Each structure stands twice: as C-alpha cells, then as structure tokens.
Amino acid sequence: MSRIFEIRSSTGVRRHTEHDLPLAVGCGAQAQVVLAAGGEVEAHLALSRGYLFLQPAPGGLPVLHNNRVIDSSA
C-alpha cells in the first residue's frame, strides 16, 4: 500500500506519494510545498523507516513543529 499526501493551498490541492519524497518547502522554484514568504528552501518533508518527518534546511528561517522551533528532524 502506498501513502498519499495532500498539500492544500490557495492554488488548490496537490497529491504526492511516498515516491515523491523528499518535498522541498519554501518560496523558490524548487519548492513543491510553496510558502507565502520565506527563502528558496526552508525545510524538507521526507520519510524514514515509515515515519514522515520535517527537517529544517541549513541557513533557513526558524521552522515550527507543534508550536516549537526545531533545529533537527521532527
């Protein structure tokens, strides 16, 4: 079975599978998850041992996970 991830934004809904990971999060052309403001790539969404995680990009803005700033994968 394959997981499906839905990214909802003002431009619509995009679906990704685990084969599309990692996904770049940011404002640049390389970002698959587009933010309203920020740098080229601020974080990545990826999968490790069956778990989805969020990892801040080096040199990016502070990334929040569950209302806490993270400095490593969460």
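Tabulated data for the structure shown
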{"quantity": "Protein accessible area in the chain, 1.4 Å probe - carbon and sulfur %", "calculated": "53"}
{"quantity": "Residue of G12, G59, G39 that the Gaussian network model of the chain assigns the largest fluctuation, springs spanning Cα pairs under 10 Å", "calculated": "G12"}
{"quantity": "Choice from A43, A29, A57 with maximal GNM fluctuation in the chain (Cα, 10 Å cutoff)", "calculated": "A29"}
{"quantity": "Where the chain is the region considered: accessible area per residue in Å², 1.4 Å probe", "calculated": "73"}
{"quantity": "Charge dipole of the chain about the Cα centre (unit charges at C-beta), most positive-ward option of P22, H44, N66", "calculated": "N66"}
{"quantity": "Accessible heavy-atom area order of R8, R15, R3, highest first, probe of 1.4 Å", "calculated": "R8, R15, R3"}
{"quantity": "Cα centre as origin, Lys/Arg/Asp/Glu Cβ charges: the chain dipole, Debye", "calculated": "240"}
{"quantity": "Placed amide H near V63: partners under 5 Å, 5+ positions off or other chain", "calculated": "I70"}
{"quantity": "Karplus-derived HN-Hα couplings along the range 18-30 (A = 6.51, B = -1.76, C = 1.60, θ = phi - 60°), whole Hz, x at Gly and Pro", "calculated": "4, 6, 7, 6, x, 10, 7, 10, x, 10, x, 5, 7"}
{"quantity": "Prolate/oblate/rounded call for the chain, Cα gyration tensor, a/c under 1.5 rounded", "calculated": "oblate"}
{"quantity": "Difference of contour (0.36 nm per residue) and Cα-Cα distance, L61 to T11", "calculated": "15.7 nm"}
{"quantity": "Using θ = phi - 60° and Karplus 6.51 cos²θ - 1.76 cosθ + 1.60, couplings along the range 37-54 (whole Hz; Gly, Pro as x)", "calculated": "8, x, x, 3, 9, 9, 6, 10, 9, 8, 10, 9, 6, x, 10, 7, 9, 10"}
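The values are calculated or read from the model by the stated rules, or taken from the named source; none is laboratory data. Since this is a predicted model, take the numbers as computed values, not measurements. In this analysis, Cβ positions are derived from the backbone assuming ideal geometry, glycine residues included, and neighbour counts consider all displayed protein chains. Calculation scope for accessible area: heavy atoms of the full protein, side chains included, ligands and nucleic acids excluded. Shrake-Rupley method; radii C 1.70, N 1.55, O 1.52, S 1.80 Å.
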